[in-house]
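See structure below.
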Amino acid sequence: MPASFSRSLKKLESALDYTFQDPSLLIEAVTHSSFSNEHPDEAPTYNERLEFLGDAVLGLAVVEELFRVEDTLSESDMAKLKSFLVSRPVLSEAARMLELGRVLRLGKGEEASGGRDKENILADALEAVVGAVFIDSDYYVARKVILHVLGDTIENTIRTRKSHDYKTELQELTQDIYGVLPEYRVVKEEGEEHNKTFTVEVLIGGECMGSGKGRSKKEAQMRAANEALERLTVEG
């Protein structure tokens, strides 16, 4: 195992606030199927099984926190918030905060196509890491790691009750009021290829109504849509 990869794994463990007893579980969690397909001898297993397990553990931990933290939440409220909190946009953003993309083992094709910042790959890898922590320890330790990673997001979501897709909400609003769809355009790209920041503007009827920055175009679009919604609410 290259020394740089070992250092990256140690850095990830530090970010998770958890040290693996069996480091091979973490290696499996950051191994994408594309890498395993190209290097079957080096990586006979990849992270899909751990991802499946981690999805279940993550869902339980999030629901338990929603249940314990806010006793006024109804079943439908908890279902809506849980769906948001375990969604790919939320998990991929958490994965970016952990710099999980830098540790992933990807095949050449996925590497070349920007796989280290793909929303689905990052979200799946984070679920796999949760599954690996669960197998390496137990549910209570895994729950502690989940809250370490997602605690602020869970708290903010409960406080604001904002669990919707801003882009979808903006689209529905502009169609209803103006009869047009929002148009998103990237106005700036900064940083190196593997660590870019995008600035996106959202236009309604040709007028810029909001802008946002993010580590992915989708994240930047979501923030631009949120700004546009806030502006339309004030003006409306």
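Roughly how big is the chain's charge dipole about its Cα centre, with Cβ charges of +1 (Lys, Arg) and -1 (Asp, Glu), in debye to the nearest 20? Provide the component values of the computation, followed by the final result.
Values: 29 positive and 43 negative charges, 89 e Å.
Magnitude of the dipole: close to 420 debye.
Starting from the Cα of residue 161, step 7 Å along the direction of its Cβ; do the same at residue 137; then give the gap between the two resulting points in nm.
Simple spin-label model gives 3.4 nm for this pair.
Which of the peptides 121-133, 178-190 is most tightly packed, and how do the rest follow, judged by the mean count of other Cβ atoms within 10 Å per residue?
Result, highest mean first: 121-133, 178-190.
Over the alpha-carbon set of the stretch 1-113, divide Rg by the Kirkwood Rh and report the Rg/Rh ratio to two decimals. Kindly include the intermediate steps, with their values, before the conclusion.
Numbers: Rg = 16.6 Å, Rh = 15.9 Å.
Looking at the stretch 1-113, the ratio lands at 1.04.
With +1 on each Lys and Arg Cβ and -1 on each Asp and Glu Cβ, how big is the dipole of the stretch 168-225 about its Cα centre, in debye rounded to the nearest 20? Show your work: numbers first, answer last.
Details: 8 positive and 11 negative charges, 39 e Å.
In total the dipole reaches around 180 debye.
What is the distance, in nm, between label points placed 7 Å from the Cα along the Cα-to-Cβ direction at residue 68 and at residue 190?
Distance between the two pseudo-spin positions: 3.9 nm.
Note down the magnitude of the dipole of the stretch 1-105 about its Cα centre, charges +1 on Lys and Arg C-beta and -1 on Asp and Glu C-beta and zero elsewhere, to the nearest 20 debye.
Working: 11 positive and 18 negative charges, 80 e Å.
Magnitude of the dipole: close to 380 debye.
Once the Cα atoms of the stretch 39-167 are picked out, what are the Rg and Dmax in Å?
Final numbers for Rg and Dmax: 15.5, 53 Å.
Suppose R0 equals 41 Å. What FRET efficiency, 1/(1 + (r/R0)^6) with r the Cβ-Cβ distance, do residue 13 and residue 168 give to the nearest 0.05?
Details: r = 37 Å, r/R0 = 0.89.
Approximately 0.65, to the nearest 0.05.
Could you pull out the pairs from 10/196; 108/196; 108/217; 108/213; 108/218; 118/218 whose alpha carbons sit more than 18 Å apart here? The partial results should precede the final answer.
Working: 10/196 24 Å; 108/196 20 Å; 108/217 23 Å; 108/213 29 Å; 108/218 24 Å; 118/218 10 Å.
Distance filter (> 18 Å) returns 10/196; 108/196; 108/217; 108/213; 108/218.
May I ask for the percentage of alpha-carbon pairs in the chain that lie more than 28 Å from each other?
39 percent
May I ask you to derive the relative contact order of the stretch 1-138, considering only C-alpha pairs under 8 Å and at least 6 residues apart, and to give it as an integer percent?
Working: 170 pairs, mean separation 53.5, N = 138.
In percent, rounded to a whole number, it is 39.
Per 5 Å bin, what percent of the C-alpha pairs of the stretch 166-235 does each bin hold, from zero upward?
4, 20, 28, 23, 12, 7, 4, 2
Between 0 and 90 degrees, rounded to the nearest ten: what's the tilt of helix 139-160 against the longest Cα principal axis of the chain?
Here the helix axis deviates by roughly 10 degrees.
Values quoted throughout were computed directly from the atomic coordinates according to the rules given, and no laboratory measurement underlies them. The structure presented is a predicted model; accordingly, all values stated were derived computationally and were not measured. Every residue, glycine as well, gets a Cβ built from its backbone with ideal geometry; the counts of neighbours run over all protein chains shown.
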